[in-house]
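Q: Attaching a single structure in structure tokens format; questions to follow.
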Amino acid sequence: MDFDLSDEQSLLKEQLDRLLADKYGFESRKTYMASPEGFGVEMWNRYAEMGLMALPFGEEHGGIGGGPVDTMIVMEALGGALALEPYFTTVVLGGGFLRLGGSAAQQAALVPGVAEGSTRLAFAHTERNSRFDLEHVETTATKDGAAWRLSGAKNVVLHGDSADHVFVTARTAGGPRDDNGIGVFLVDARAKGVTRRGYRTQDGQRAAEMSFDNVAVGPEGVFGDPMDGLPLVRHVVDQAIAALSAEAVGVMAAMHALTVDYLKMRKQFGVPIGQFQVLQHKAVDMYVATEQARSITLYATMMADSDDADERARAMHAAKAEVGRGGRLAGENAIQLHGGVGMTMEYAVGHYFKRLTMIDTLFGNGDFHLRKLAAKGGLFGTAA
């Protein structure tokens, strides 16, 4: 299998890496984090100018027609810079629902705004009792003529405080843990009955607690089958896991580079500490973990568009499990090799580890996905 990037993909990577190196230093990131939006609006506009928001959408709607590999390139670069902008929530999650579940009319109405950067999206799915189970939905959607009425609450809605529209999972029939009877609805974040409270997460990103009190959603806001929307949700989340894995690889690579530089610079007993073999071994362990995460991420990326839901799920379980394991190893070694400075807010390596920890938790941590993979008989379905 050929894993080489095309000329266009190589150019995308080069241009984005250059932009982030010039505009996204650690001090600049602090400035963006302190802004009212919690991210760099100027950077968001630069991404739009580069065509990053249009990347995965069809050309008929003003997109570029890119695929999962292009998304992987962008997410890895954003991970290396610890970027704060809501690219993942808008383009990967929101864009996934538009591409996989939206009708031609829905795509024509929404994709141009996303592609030009004027529309931001979020995905509200986590509830108080749901943990990592996508099928656990207690928020309700009740039919009201041609419209629907949503009531319930969602937790930790990533970038929900700055989103213009939010995709919400709601139960249209059945019990709280049934696979059937789940719909996906697009809600105007400023609609009557919507309440949201924004806050900063541990890794410097933004999230919101959202509640819905009899919120009206017209038929144009229903994506896919309102009685059987879980397959759509799972497909979008699978693609999101592949993108998150790519971001984690970018974080791990940047953290390894910082650590190696520190080992070369920091002196003890009159020599750089990088000359001590035991520390070299730990740095090598970080490198191996990063490359293993990169390999499984490439596989997950190739499987992200697969129509075989079972094979696609196996790939994502494996990627999340390996990235979770490798990310923890790399982060712990990075902190230990840096010593006390690695724990300070003024130094970047601790922030990288925080982001890795949050990535591990999103859509199920490594242990959760390892159990799921084992229940399926492993990556290739071998019987237990």
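Q: Looking at the structure I just gave you, is residue 345 outside any helix (DSSP H, G or I), out of contact with any Phe, Trp or Tyr (no Cβ under 8 Å at 6 or more places or on another chain) and either within 22 Å of residue 76 (Cα to Cα) or free of Cβ contacts under 8 Å to residues at least 40 places away in the same chain (or both)?
A: Considered against the rule, which asks whether it is outside any helix (DSSP H, G or I), out of contact with any Phe, Trp or Tyr (no Cβ under 8 Å at 6 or more places or on another chain) and either within 22 Å of residue 76 (Cα to Cα) or free of Cβ contacts under 8 Å to residues at least 40 places away in the same chain (or both), residue 345 comes out as yes.
Q: Within the stretch 336-345, which residues are surrounded by fewer than 19 Cβ atoms within 10 Å (Cβ to Cβ) and either over 16 Å from residue 29 (Cβ atoms) or under 25 Å from the mean Cα position of the chain (by Cα) (or both)?
A: Across the stretch 336-345, the qualifying residues are 336, 339, 340, 341, 343, 345.
Matching residues to (1) farther than 23 Å from residue 312 by Cα; (2) at pLDDT below 95; (3) of a type in the set (Gly, Ala, Ser):
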{"position": "228", "(1), (2), (3)": "no, no, no"}
{"position": "242", "(1), (2), (3)": "no, no, yes"}
{"position": "249", "(1), (2), (3)": "no, no, no"}
{"position": "254", "(1), (2), (3)": "yes, no, yes"}
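Q: Considering only helices (runs of 4 or more DSSP H) fully contained in the stretch 64-155, which possess at least 1 residues that are in contact with a strand residue (DSSP E or B) (Cβ under 9 Å, 6 or more places away or on another chain)?
A: Here the list reads 95-101, 104-115.
Q: Out of the stretch 48-66, which residues are buried (at least 22 other Cβ atoms within 10 Å of the Cβ) and not small (Gly, Ala, Ser)?
A: Those that are buried (at least 22 other Cβ atoms within 10 Å of the Cβ) and not small (Gly, Ala, Ser): 52, 53, 55, 56, 57.
Q: May I pose another question? Among the numbered conditions (1) surrounded by fewer than 24 Cβ atoms within 10 Å (Cβ to Cβ); (2) of a type outside the set (Phe, Trp, Tyr); (3) in contact with a Leu (Cβ under 7 Å, 6 or more places away or on another chain), tell me where residue 114 comes up short.
A: Single failed check for residue 114: (1).
Q: Which of the residues that make up the stretch 348-384 are β-branched (Val, Ile, Thr) and assigned to a helix (DSSP H, G or I)?
A: Listed by number, the residues that qualify are 349, 357, 359, 361.
Q: So, in the stretch 25-50, exactly how many residues are touching a helix residue (DSSP H, G or I) at 6+ places or on another chain (Cβ under 6 Å) and either at pLDDT below 95 or more than 22 Å from residue 162 (Cβ to Cβ) (or both)?
A: Result for the stretch 25-50: 1.
Q: Being modelled with pLDDT under 95 and not assigned by TED's automatic domain parsing to the domain that holds residue 75, is that true of even one residue in the stretch 131-139?
A: Scanning the stretch 131-139, I find at least one residue that is modelled with pLDDT under 95 and not assigned by TED's automatic domain parsing to the domain that holds residue 75, so the answer is yes.
Q: Consider only pairs whose beta carbons are under 6 Å apart and that are at least six residues apart or on different chains; among these, list those whose first residue lies in the stretch 76-91 and is outside the structural domain of residue 157 (by TED's automatic domain parsing) and whose second residue is of a type outside the set (D, E, K, R) and part of a loop (DSSP other than H, G, I, E, B).
A: Pairs that qualify, where the first residue is outside the structural domain of residue 157 (by TED's automatic domain parsing) and the partner is of a type outside the set (D, E, K, R) and part of a loop (DSSP other than H, G, I, E, B), are 81/24; 84/39; 85/39; 86/159; 89/159; 91/53.
The values are calculated or read from the model by the stated rules, or taken from the named source; none is laboratory data. Everything quoted here is computed from the prediction, not taken from an experiment. Methodologically, a virtual Cβ is constructed for each residue, glycine included, from the backbone with ideal geometry; neighbour enumeration extends over all protein chains shown.
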